[in-house]
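Sending over a structure as structure tokens; questions will come in a sec.
Values in this text are rule-based calculations from the coordinates and carry no lab data. Worth saying up front: this structure is predicted, and the values here are computed from it rather than measured. Methodologically, a virtual Cβ is constructed for each residue, glycine included, from the backbone with ideal geometry; neighbour enumeration extends over all protein chains shown.
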Amino acid sequence: MTPQPVLNRVLLAVTGLILLGGGLLIIAAGLDLYGRLDLTPPAGWPLTAPADVLLGSGDRSRWSSQGWWWWPAVIAALTLIALLALWWLLAQLRRRRPSRVPVGTDHAKQDVELGHGALSDAIAAEAGALPGIDRAKVRLTGRPARPRADITLTLTPVTAPDTALTALDEGPLDNARRSTGHDDLFAETRVRVAHHKARRVA
């Protein structure tokens with residue numbers, strides 16, 4: 001596993017634990033769990049009773065004296081942080097491609113791995129060189145042990161789709177399966193047709 005996905009997961013876990021802890025504190029205070037369970041929170045513990053608030057009137061007055069711009073700036077900053085966090089989460093959910101693909105017949109015992117970019121680029125280059133294919137785009141998804149290829153082929157107007165798909169399966173995909181040992185490499189292919197611009201004839 002590469003360092004970037006590990007860092008992302010650690011940061012997500014830490015952020016989730018912080019938010020979970022804050023939520024539990026608010027729920028405990030709102031339901032007066034400390035009083036009902038006869039618990040004594042540590043000194044200085046925030047939000048220990050239903051009447052407690054995050055910012056008292058004194059704090060609000062002190063920060064309000066900073067100027068009219070203070071609270072709009074705080075709200076804008078918090079909104080930006082929330083949007084960035086949401087974007088980051090969605091980016092992690094969309095990341096469903098393997099960073100590395102093990103090479104060999106026994107994937108569990110193989111120390112040789114191939115970067116997903118190298119494998120997808122190799123398939124795309126070989127597919128793009130096939131007759132009747134204008135260009136090819138390949139993206140690997142799935143788990144490292146069971147990768148799958150999402151392929152987009154752009155065909156020339158005179159190319160039959162079934163001919164192109166057969167050439168793709170018997171050529172680039174078969175080579176990828178044999179070279180990596182992933183005989184179960186599944187491919188989903190979308191086919192498009194290139195449109196040539198009409199030329200003006202005088």
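Expressed as a rounded percentage, what relative contact order does region 119-165 have, with Cα pairs under 8 Å and six or more residues apart?
Details: 60 pairs, mean separation 15.2, N = 47.
Dividing the mean separation by the residue count of region 119-165 yields 32 percent.
Using the Karplus equation 6.51 cos²θ - 1.76 cosθ + 1.60 (θ = phi - 60°), what ³J(HN,Hα) coupling, rounded to whole Hz, does each residue of region 170-183 give in order, writing x for Gly and Pro?
7, x, x, 5, 5, 5, 5, 5, 6, 6, 9, x, 8, 5
Going by amide H atoms built from the backbone, whose H comes under 5 Å of the H on THR189, apart from near neighbours?
Those qualifying (amide H under 5 Å, at least 5 residues apart or on another chain) are ILE151.
With θ set to phi - 60°, apply the Karplus curve 6.51 cos²θ - 1.76 cosθ + 1.60 along region 151-168 and write out the HN-Hα couplings as whole Hz, x wherever there is a Gly or Pro.
Result, ordered by residue: 10, 10, 9, 10, 9, 6, x, 9, 8, 7, x, 5, 5, 5, 5, 5, 5, 5 Hz.
Going by average Cβ density within 10 Å per residue, which order do the peptides 150-161, 36-47 take, highest to lowest?
On the way: 150-161: 16.2, 36-47: 9.7.
Peptide ranking by packing, descending: 150-161, 36-47.
Which of the peptides 136-148, 183-195, 74-86 is most tightly packed, and how do the rest follow, going by the mean number of other Cβ atoms within 10 Å of each residue?
Working: 136-148: 17.8, 183-195: 13.2, 74-86: 10.5.
Descending mean neighbour count gives 136-148, 183-195, 74-86.
What number, in percent, do you get for the relative contact order of region 113-202 if the mean sequence gap of Cα pairs under 8 Å and at least 6 apart is divided by its residue count?
Values: 120 pairs, mean separation 26.2, N = 90.
After rounding, I find 29 percent.
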